[in-house]
Every structure is written in structure tokens, then in C-alpha cells.
Amino acid sequence: MSKVVLIDLTKCYGCQSCVVQCKDEYVDNDWLPYSKAQPDKGQFWMRVGYLERGEYPKVKMSWLPTPCMHCDNPPCLLAATGGAVYKRPDGIVMIDPVKSEAQRQLVDSCPYGVIYYDEQKKTPQKCTLCAHLLDNGWKEPRCA
């Protein structure tokens, strides 16, 4: 059974709580073999974009949370070498933090722009859908 990311955009008002939860879970925390720690600056495994419409005084904002989409046919899987990217039976697309070392091409392979390259660790990184938590009984990722 595959996991599906479903975000109700009518309930998102741009509070960035999902971004903060992701940072809280991953900054300074290695969750090997799932991921290395996320840097505190420059990477947003969950980000919230927006679209502004209208003119003052009637401006309307729409928000769009964008995590990894855990694609059915992930382009990053095709771009990876040596088994650096794999898809779990539950549908979560993972980047192996050891096998992916120096595979910068993974960043360019993502059509959503949600794979980042950590220059210090020489590793591409992205949302893991909190697989380490799901594997330990959690029902949903922290951003939910």
C-alpha cells in the first residue's frame, strides 16, 4: 500500500508551521539510515509558496505547501547511480545518505526543485516523509 501526500489547500493560510515542524525534526538530527541532518539554513524539505492576486484593497493570497511528491516514476531514481535512490514498498522515495554522496545530479533531476545539496556533507537531501517516525508507529509525518 502506497502512501499519498494530500494537502487541503483550503485549510492552508501560510502559517509555516509545517516548515517549522520539519526543521525541528531534522536540523541537527541524523536519522540514519534514513537521512543525515538537515542544515539549519538554505534547505527547506517542506516549503510554502504563495500566489498574490488582485489589487489593494482586495488582495487575495493562495498558499502552496511543496514537499517531495514521492513520484510514481521518480526522475531522481533514474538519475541516481549505485542504488543511491530507492522507492520503498509503501511508496516513499528515499535518498540513501551514504550511497548518494557526491551525486549532485539528483538536484537537477527533480521537476519540483525539492532536492537540495548539502555542500558540507556532499550529499543530496530531501523530504523523507518522516519515514523514521512512520516505521516506529506514527500515523503521519511531522508536517501534518
Scan the stretch 54-63 for residues that are of a type outside the set (Ser, Thr, Tyr) and either open to solvent by 90 Å² or more (accessible area, probe 1.4 Å) or within 24 Å of LEU134 (Cβ to Cβ) (or both) and jot them down.
GLU55, PRO57, LYS58, LYS60
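Yes or no, residue by residue, for (1) touching a helix residue (DSSP H, G or I) at 6+ places or on another chain (Cβ under 6 Å); (2) part of a loop (DSSP other than H, G, I, E, B); (3) on the phi > 0 side of the Ramachandran plot; (4) not basic (Lys, Arg):
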| site | (1), (2), (3), (4) |
| --- | --- |
| GLU101 | no, yes, no, yes |
| VAL107 | no, no, no, yes |
| GLY113 | no, yes, yes, yes |
| TYR117 | yes, no, no, yes |
| GLN120 | no, yes, no, yes |
| PRO124 | yes, no, no, yes |
| LEU129 | no, yes, yes, yes |
| ASN136 | no, yes, no, yes |
| ARG142 | yes, yes, no, no |
Pairs only if they're at least six apart or on different chains, beta carbon under 9 angstrom, first in the stretch 46-73 and closer than 30 Å to MET94 by Cβ, second assigned to a strand (DSSP E or B) and open to solvent by 100 Å² or more (accessible area, probe 1.4 Å); list them, first residue then second.
TRP63/TYR50; LEU64/TYR50
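Residue-by-condition table, conditions (1) in contact with a helix residue (DSSP H, G or I) (Cβ under 6 Å, 6 or more places away or on another chain); (2) hydroxyl-bearing (Ser, Thr, Tyr); (3) modelled with pLDDT of 95 or more:
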| residue | (1), (2), (3) |
| --- | --- |
| TYR13 | no, yes, no |
| VAL20 | no, no, yes |
| LYS23 | no, no, yes |
| TYR26 | no, yes, yes |
| LEU51 | no, no, no |
| LYS58 | no, no, no |
| LEU64 | no, no, no |
| CYS76 | yes, no, yes |
What about GLY91, is it surrounded by 11 or more Cβ atoms within 10 Å (Cβ to Cβ) and part of a loop (DSSP other than H, G, I, E, B)?
yes
Scanning the stretch 103-144 for residues that are touching a strand residue (DSSP E or B) at 6+ places or on another chain (Cβ under 8 Å) and farther than 16 Å from TRP45 by Cα, which turns out surrounded by the most Cβ atoms within 10 Å (Cβ to Cβ)?
GLN103
I'd like to check something: does the stretch 72-84 contain any residue that is closer than 17 Å to LEU129 by Cβ and out of contact with any strand residue (DSSP E or B) (no Cβ under 8 Å at 6 or more places or on another chain)?
yes
For the stretch 1-36, how many residues are free of Cβ contacts under 8 Å to residues at least 24 places away in the same chain, closer than 25 Å to THR123 by Cα and either of a type outside the set (Asp, Glu) or in a strand (DSSP E or B) (or both)?
5
Quick one: is LEU77 under 19 Å from ALA144 (Cβ atoms), open to solvent by 40 Å² or more (accessible area, probe 1.4 Å) and not hydroxyl-bearing (Ser, Thr, Tyr)?
no
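The values are calculated or read from the model by the stated rules, or taken from the named source; none is laboratory data. No experiment lies behind these values; they were computed from the predicted model shown. All Cβ positions, even for glycine, are placed from backbone atoms using ideal geometry, and neighbour counts span all protein chains on display. We work out accessible area using only protein heavy atoms, side chains counted, and drop any ligands, DNA or RNA first. Shrake-Rupley method; radii C 1.70, N 1.55, O 1.52, S 1.80 Å.
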